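Worksheet: the structure to be examined is printed underneath.
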Amino acid sequence: MLRRVAILANGGDVSGFNAVIRAIIKTAENNDVECYGFIDGYRGLLKNDYVRLCTHATGNAIGILPKGGSIIGSSTNANVFCYPVEENGKIVYKDLSEQCVENIKKDEFDCIFTLGGDGTQKSARDFTLRGVNVIGVPKTIDNDVACTEITFGYNTAVSVASDAIDRLHTTGETHHRIMVLEVMGRYAGWIALESAIAGGADVALIPEIPYNINKAAEKIINRKNRGKEFSIVVVAEGAKPIGGEMSVEAVRNRGKGVDNNKLGGAGQRVAKELQELTGLEARCTVLGYMQRGGTPTAFDRVLSTKYGAKAMELALEGKFNVLTVIKDGRLDYVPLEEVVGNNKEIGAVSGNTAESNIRRVNMDHDLVKTARHIGINLGD
């Protein structure tokens, strides 16, 4: 019988964290289940740092539905299967997952809810092999978690990017410039593509379609010849030219199993080249962390609440080691084994590998077709 459950939020901040946490807590309370939260994701699990969560009159989870961020924090690049430890003045990496398992047993948690993206759910799957009951909830602004149609946090990020495009329109039109907006998304182009459609952009460059900069320039020159002396270009941070590489700002050393590449510079590169090719001034805006924070949209509040309630429902039914998903527009669940795909190596959590099962934009998706129909140039 389910008595005690714990939540951990992991990976980059997104709007909707708290809405999921709230839905899990409220569903748990309605079924006489105690709910707890590990502080700062997998790092809190390792340290066994957790708090009781409740929505009672003096509880710590009151009024959190519209609040951005996570009331229990989150950790990035905290791979407990390959965790940095200082020994003799040097950093070495060790598998500390057994300590996490011991903590869960000692605390008598019947299930752990993992709120996170592909890396978080890969670690969740690895914990299932250690005998831990896990239920995942797909979180990321990148919308790249496998097996689900949408992740919570994505809609808010698209809305922020669309608003930025609206604002760039007026400046571009006033000064007859090319306005380039670089958006997040890592190795998937969902944010760039959907915000480009929503914001009426002229060019959208995404990781899934290596671009020919001359094709983008041709689109802009054609607009100029028709009397439209400004253009809006959306560039995904992972966009790359044909035969070229993604723009990497820095390579970090955070051990095996995490993505050590810090992407950056794609928008500046595109702006510089388009200015040279078209003769129009080009300016680049990097939206950055503006996409992650703040109040979630109504859509994300509802989606997050649905995900959280469904996750707790699955726990009450004893359906563990799964990910809650949206499939054909309806709530569902899939085994975590399906989510990780061929990424079977214990501790290997990065989504940027040939074995990873992250969800990228495919060429027959409705968004791609729609973009082409309305004349958005995709750099090909």
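General remarks:
- Crossing angle, helix 97-107 versus the chain [Cα axis fit, 0-90 degrees, rounded to tens]: 50 degrees
- Note on the range 264-342: Kirkwood radius taken over Cα pairs, Stokes-Einstein applied at 37 °C and 0.692 mPa s, translational D equal to 197 µm² s⁻¹.
- The range 63-121-the range 218-253 distance, computed between alpha-carbon centres (Å): 37 Å
- Cα gyration tensor shape of the range 216-364, rounded if a/c is under 1.5, else prolate or oblate by comparing a/b with b/c: prolate
- Equivalent ellipsoid, the range 21-142 (semi-axes from 5 times Cα gyration tensor eigenvalues, Å): 26, 16, 14
- Using Cβ point charges alone (K and R +1, D and E -1), the dipole size of the chain about the Cα centre works out to roughly 420 debye.
- Only helices enter this figure: runs of n ≥ 4 DSSP H residues, each worth -39500 (n - 2.57), summed and divided by the residues of the chain, yield -11000 deg cm²/dmol at 222 nm to the nearest 500.
- Top positive-direction residue, dipole computed over the range 179-259 with Cβ charges, set GLY185, GLY200, ILE213: ILE213
- Pairs beyond 24 Å (Cα-Cα), from LYS306/LYS344; LYS139/LYS262; LYS67/LYS306; LYS139/LYS215: LYS306/LYS344; LYS139/LYS215
- Bridges between two residues of the chain, per DSSP, are antiparallel at a rate of about 35%.
- Farthest positive-ward along the chain dipole, Cα basis, beta-carbon charges - from PHE81, GLY11, HIS373: HIS373
- The base-10 log of I(q)/I(0) for the chain, evaluated at q = 0.10, 0.13, 0.14 Å⁻¹, reads -0.64, -1.00, -1.11 [Debye formula, identical scatterers on Cα atoms, solvent excluded].
- For the range 281-310 and the range 126-182, distance of Cα centres in Å: 6 Å
- Rounded, prolate or oblate (a/c below 1.5 giving rounded, otherwise prolate when a/b exceeds b/c) for the range 187-300 by Cα gyration tensor: oblate
- With the simple model of a label 7 Å out from the Cα in the direction of the Cβ, LEU331 to HIS169 spans 3.6 nm.
Laboratory data are not the source of any read-out in this text; all were calculated from the coordinates shown. From a predicted model like this one, the values you see are computed outputs, not experimental measurements. For neighbour counting, all protein chains shown are included, and Cβ atoms are generated from backbone atoms with ideal geometry for every residue, glycine included.
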